[in-house]
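Report on the following structure.
The values are calculated or read from the model by the stated rules, or taken from the named source; none is laboratory data. Quantities reported herein were computed from a predicted structural model and do not represent experimental measurements. Please note: Cβ atoms are built from the backbone with ideal geometry, for glycine as well, and neighbour counts cover all protein chains shown.
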Amino acid sequence: MLSKIFSALFLLVFIISPSVVTAKDFPPGKWWHSPQASEKLNLSDEEIKMLDKQFVDSRRKLIKLKSVVESEQFEIDNLFDSENINKKEAMKQFDKLGQAKKNLSTERFRLLLEVRNILGLERFRQLMEHNKLRRQKMRQELRSLQNRPKERPGPEG
(Lines give C-alpha, C1' and ligand atoms only; values in the text may rest on other atoms or scores of the structure.)
Protein backbone atom coordinates (compact mmCIF):
# COMPACT_ATOMS: atom_id res chain seq x y z
CA MET A 1 0.00 0.00 0.00
CA LEU A 2 2.86 2.35 0.78
CA SER A 3 4.15 1.88 -2.76
CA LYS A 4 0.74 2.94 -4.09
CA ILE A 5 0.92 6.11 -2.00
CA PHE A 6 4.38 6.91 -3.31
CA SER A 7 3.26 6.14 -6.87
CA ALA A 8 0.30 8.45 -6.48
CA LEU A 9 2.55 11.16 -5.02
CA PHE A 10 4.96 10.84 -7.96
CA LEU A 11 2.07 11.04 -10.41
CA LEU A 12 0.68 14.11 -8.68
CA VAL A 13 4.04 15.88 -8.77
CA PHE A 14 4.39 14.97 -12.45
CA ILE A 15 0.95 16.38 -13.25
CA ILE A 16 1.39 19.61 -11.27
CA SER A 17 5.01 20.30 -12.28
CA PRO A 18 4.35 21.85 -15.73
CA SER A 19 2.58 24.85 -14.18
CA VAL A 20 5.15 25.10 -11.41
CA VAL A 21 7.97 25.02 -13.95
CA THR A 22 6.32 27.77 -15.94
CA ALA A 23 5.84 29.92 -12.85
CA LYS A 24 9.43 29.45 -11.69
CA ASP A 25 10.69 31.11 -14.87
CA PHE A 26 9.04 34.27 -13.66
CA PRO A 27 11.21 36.94 -12.00
CA PRO A 28 10.75 37.17 -8.23
CA GLY A 29 9.28 40.14 -6.41
CA LYS A 30 8.19 43.47 -7.86
CA TRP A 31 10.61 43.42 -10.78
CA TRP A 32 8.61 46.11 -12.63
CA HIS A 33 9.75 48.70 -10.04
CA SER A 34 13.34 48.21 -11.13
CA PRO A 35 14.32 51.17 -13.33
CA GLN A 36 16.23 48.80 -15.61
CA ALA A 37 13.22 46.53 -16.15
CA SER A 38 10.63 49.28 -16.50
CA GLU A 39 12.78 51.15 -19.03
CA LYS A 40 13.71 48.05 -20.99
CA LEU A 41 10.07 46.99 -21.24
CA ASN A 42 8.85 50.57 -21.68
CA LEU A 43 6.23 50.20 -18.94
CA SER A 44 3.65 52.94 -18.58
CA ASP A 45 2.47 54.21 -15.19
CA GLU A 46 -0.87 52.54 -15.83
CA GLU A 47 0.79 49.17 -16.52
CA ILE A 48 2.85 49.50 -13.34
CA LYS A 49 -0.35 50.16 -11.37
CA MET A 50 -1.98 47.11 -12.98
CA LEU A 51 1.03 44.95 -12.14
CA ASP A 52 0.98 46.24 -8.54
CA LYS A 53 -2.70 45.37 -8.20
CA GLN A 54 -2.25 41.88 -9.65
CA PHE A 55 0.75 41.28 -7.40
CA VAL A 56 -1.10 42.31 -4.23
CA ASP A 57 -4.21 40.30 -5.11
CA SER A 58 -2.18 37.25 -5.98
CA ARG A 59 0.10 37.57 -2.95
CA ARG A 60 -2.91 37.57 -0.61
CA LYS A 61 -4.23 34.41 -2.25
CA LEU A 62 -0.80 32.74 -2.24
CA ILE A 63 -0.35 33.35 1.49
CA LYS A 64 -3.69 31.69 2.22
CA LEU A 65 -3.03 28.82 -0.20
CA LYS A 66 0.45 28.15 1.23
CA SER A 67 -1.11 27.98 4.67
CA VAL A 68 -3.60 25.37 3.45
CA VAL A 69 -0.77 23.31 1.90
CA GLU A 70 1.19 23.41 5.17
CA SER A 71 -1.91 22.44 7.14
CA GLU A 72 -2.71 19.48 4.88
CA GLN A 73 0.95 18.38 4.98
CA PHE A 74 0.84 18.53 8.78
CA GLU A 75 -2.22 16.26 8.77
CA ILE A 76 -0.45 13.72 6.53
CA ASP A 77 2.64 13.81 8.77
CA ASN A 78 0.38 13.28 11.75
CA LEU A 79 -1.21 10.22 10.14
CA PHE A 80 2.19 8.70 9.39
CA ASP A 81 3.32 9.27 12.95
CA SER A 82 0.44 7.22 14.36
CA GLU A 83 1.03 3.61 15.40
CA ASN A 84 -1.61 2.17 13.03
CA ILE A 85 -2.26 4.13 9.88
CA ASN A 86 -5.74 4.13 8.40
CA LYS A 87 -5.05 3.63 4.70
CA LYS A 88 -8.38 5.03 3.55
CA GLU A 89 -7.95 8.15 5.70
CA ALA A 90 -4.35 8.54 4.49
CA MET A 91 -5.42 8.43 0.85
CA LYS A 92 -8.19 10.93 1.54
CA GLN A 93 -5.70 13.26 3.20
CA PHE A 94 -3.24 12.75 0.34
CA ASP A 95 -5.94 13.88 -2.09
CA LYS A 96 -6.56 16.98 0.03
CA LEU A 97 -2.85 17.79 -0.01
CA GLY A 98 -2.68 17.28 -3.76
CA GLN A 99 -5.64 19.60 -4.30
CA ALA A 100 -4.09 22.25 -2.04
CA LYS A 101 -0.81 22.10 -4.00
CA LYS A 102 -2.71 22.27 -7.27
CA ASN A 103 -4.61 25.36 -6.08
CA LEU A 104 -1.32 27.03 -5.12
CA SER A 105 0.23 26.21 -8.47
CA THR A 106 -2.87 27.41 -10.30
CA GLU A 107 -2.70 30.81 -8.57
CA ARG A 108 0.96 31.20 -9.53
CA PHE A 109 0.09 30.39 -13.12
CA ARG A 110 -2.89 32.77 -13.05
CA LEU A 111 -0.56 35.64 -12.10
CA LEU A 112 1.76 34.67 -14.92
CA LEU A 113 -1.18 34.85 -17.35
CA GLU A 114 -2.19 38.26 -16.00
CA VAL A 115 1.34 39.61 -16.46
CA ARG A 116 1.42 38.18 -19.98
CA ASN A 117 -1.87 39.90 -20.70
CA ILE A 118 -0.61 43.27 -19.38
CA LEU A 119 2.74 43.14 -21.19
CA GLY A 120 1.68 41.60 -24.47
CA LEU A 121 3.61 38.92 -26.33
CA GLU A 122 6.80 40.74 -27.31
CA ARG A 123 7.53 42.40 -23.97
CA PHE A 124 6.64 39.20 -22.13
CA ARG A 125 9.20 37.33 -24.27
CA GLN A 126 11.78 40.04 -23.45
CA LEU A 127 11.02 39.59 -19.74
CA MET A 128 11.40 35.82 -19.92
CA GLU A 129 14.66 36.11 -21.87
CA HIS A 130 16.04 38.65 -19.38
CA ASN A 131 15.13 36.37 -16.48
CA LYS A 132 16.69 33.37 -18.22
CA LEU A 133 19.96 35.28 -18.67
CA ARG A 134 19.82 36.43 -15.03
CA ARG A 135 19.42 32.82 -13.80
CA GLN A 136 22.29 31.66 -16.04
CA LYS A 137 24.54 34.39 -14.65
CA MET A 138 23.63 33.44 -11.09
CA ARG A 139 24.40 29.77 -11.80
CA GLN A 140 27.79 30.70 -13.30
CA GLU A 141 28.63 32.82 -10.27
CA LEU A 142 27.63 29.99 -7.95
CA ARG A 143 29.77 27.51 -9.90
CA SER A 144 32.77 29.83 -9.82
CA LEU A 145 32.39 30.13 -6.04
CA GLN A 146 32.18 26.35 -5.70
CA ASN A 147 35.23 25.79 -7.93
CA ARG A 148 37.40 28.31 -6.13
CA PRO A 149 40.26 26.66 -4.22
CA LYS A 150 39.67 26.47 -0.51
CA GLU A 151 41.76 28.85 1.51
CA ARG A 152 44.19 27.11 3.80
CA PRO A 153 44.89 28.58 7.20
CA GLY A 154 48.19 30.37 7.49
CA PRO A 155 50.94 29.41 9.92
CA GLU A 156 49.13 31.27 12.67
CA GLY A 157 45.90 29.54 12.37
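Exactly one condition in (1) surrounded by fewer than 17 Cβ atoms within 10 Å (Cβ to Cβ); (2) within 29 Å of ALA37 (Cα to Cα) is not met by SER82; state its number.
Single failed check for SER82: (2).
Is it the case that ARG110 is assigned to a helix (DSSP H, G or I), under 16 Å from PRO27 (Cα atoms), touching a residue at least 12 places away in the same chain (Cβ under 8 Å) and charged (D, E, K, R)?
Yes, satisfied.
Return the residues of region 30-65 that are part of a helix (DSSP H, G or I), surrounded by 14 or more Cβ atoms within 10 Å (Cβ to Cβ) and at pLDDT 95 or above; say none if nothing qualifies.
Of everything in region 30-65, those that are part of a helix (DSSP H, G or I), surrounded by 14 or more Cβ atoms within 10 Å (Cβ to Cβ) and at pLDDT 95 or above turn out to be GLU47, ILE48, MET50, LEU51, GLN54, PHE55, ASP57, SER58, LYS61, LEU62, LEU65.
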